[in-house]
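Heads up, the thing below is written out as structure tokens.
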Amino acid sequence: MFFKIPQVLTPEALEKITTTLTEAEFVDGKLTAGWYAKLVKENQQLAKATPTAQALEEQVRQALQNNALFQTAIRPKTVHTLLFSRYGPGMAYGRHTDNALMNGMRSDVSFTLFLNEPSDYEGGELVIEGADSEQSYKLPAGTAIAYPSTSLHRVNVVTKGTRLVAVGWVQSWIRDAQKREIVFDLDVSRRSLFAQSGKSTEFDLLSKSVANLLRLWSE
Ligand code: NI
């Protein structure tokens, strides 16, 4: 299941981040790509380990931590890798799969958090392949798309303007996307039931099931 997560960052936070990125030092994106992804990765990334990068990372991590939909849909154990990427004209990231292991952690879910508006650039869609179709995403600033790291995907060439995104990888408490979806659906249902009729017997039973499935499936 793909999750579109709106308003991860406020307009004020986005303004500050994009201004900071305008003045920051970027390096070749190939530095963090696997051996075959290097062949198709043409972008730039914010230099890691600088105070600027660390402050921005922390800000995005905090925003994700506070985002109820991200927490419920993804069940992050850890957001183990976070990068800020920039695509100028002519840049793209061809078809690839994300590495299964990064920094000693598993990648279950990948996400792209859009930092500037779709009108700021042409092209630059994130395209995620399914078995017989593909989904294309170019979302408003502050919105994230999260998808299973198991997929093949690409970023179309930017033909005009600059595309700014934060991309990240999550090891989830529940590694299987289908299981995450079951827990998510039950959790959404119990919250909706609670809003309608309070702490009913049905709500209690659904809450018990959500908790017990998490116990069964967490790792
Ligand atoms: Ni990727």
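Of the numbered conditions (1) aliphatic (A, V, I, L, M); (2) in the same structural domain as Asp108 (by TED's automatic domain parsing); (3) open to solvent by less than 20 Å² (accessible area, probe 1.4 Å), Val210 satisfies every one except a single condition; which is it?
Every condition holds for Val210 apart from (2).
What is the number of the single condition among (1) outside any helix (DSSP H, G or I); (2) exposed (fewer than 15 other Cβ atoms within 10 Å of the Cβ) that Glu15 does not meet?
Result: Glu15 passes all but (1).
Hey, could you check segment 145-184 for residues that are out of contact with any Gly (no Cβ under 9 Å at 6 or more places or on another chain) and within 11 Å of the ligand (Cβ to nearest atom) and say which is most open to solvent (accessible area, probe 1.4 Å)?
In this case the residue turns out to be Leu152.
If we keep just the residues of segment 59-97 that are within 16 Å of the ligand (Cβ to nearest atom) and aromatic (Phe, Trp, Tyr), which is surrounded by the most Cβ atoms within 10 Å (Cβ to Cβ)?
Among those that are within 16 Å of the ligand (Cβ to nearest atom) and aromatic (Phe, Trp, Tyr), it is Phe84.
For Phe70, indicate whether it is in a helix (DSSP H, G or I) and under 15 Å from the mean Cα position of the chain (by Cα). Can you show your working first?
Values: in a helix (DSSP H, G or I): yes; under 15 Å from the mean Cα position of the chain (by Cα): yes.
Judged against the criteria, Phe70 is a match.
Can you pull out the residues in segment 101-156 that are of a type in the set (Phe, Trp, Tyr) and over 14 Å from the mean Cα position of the chain (by Cα)?
Tyr121
Just wondering, is there one or more residues in segment 111-124 that are surrounded by fewer than 15 Cβ atoms within 10 Å (Cβ to Cβ) and of a type in the set (A, V, I, L, M, F, W, C)?
Within segment 111-124 (the criterion being surrounded by fewer than 15 Cβ atoms within 10 Å (Cβ to Cβ) and of a type in the set (A, V, I, L, M, F, W, C)), the answer is no, since none of the residues qualifies.
Pairs, please: C-beta under 9 Å, at least 6 apart or cross-chain, first residue under 18 Å from Met1 (Cβ atoms) and in segment 108-135, second open to solvent by 80 Å² or more (accessible area, probe 1.4 Å) and of a type in the set (Ser, Thr, Tyr)?
Asp108/Thr150
Which residue out of Ala37, Ala100 is within 14 Å of the ligand (Cβ to nearest atom), open to solvent by 60 Å² or more (accessible area, probe 1.4 Å) and of a type in the set (Gly, Ala, Ser)? Before you say what the answer is, go through the steps one by one.
Values: Ala37 fails: open to solvent by 60 Å² or more (accessible area, probe 1.4 Å).
Only one candidate qualifies: Ala100.
The values are calculated or read from the model by the stated rules, or taken from the named source; none is laboratory data. For clarity, every value in this text was computed on a predicted model and none was experimentally measured. Cβ sites come from the backbone with ideal geometry, for glycine too, and all protein chains shown count toward neighbours. Surface areas here come from the heavy atoms of the whole protein model, side chains and all, with no ligands, DNA or RNA. Shrake-Rupley method; radii C 1.70, N 1.55, O 1.52, S 1.80 Å.
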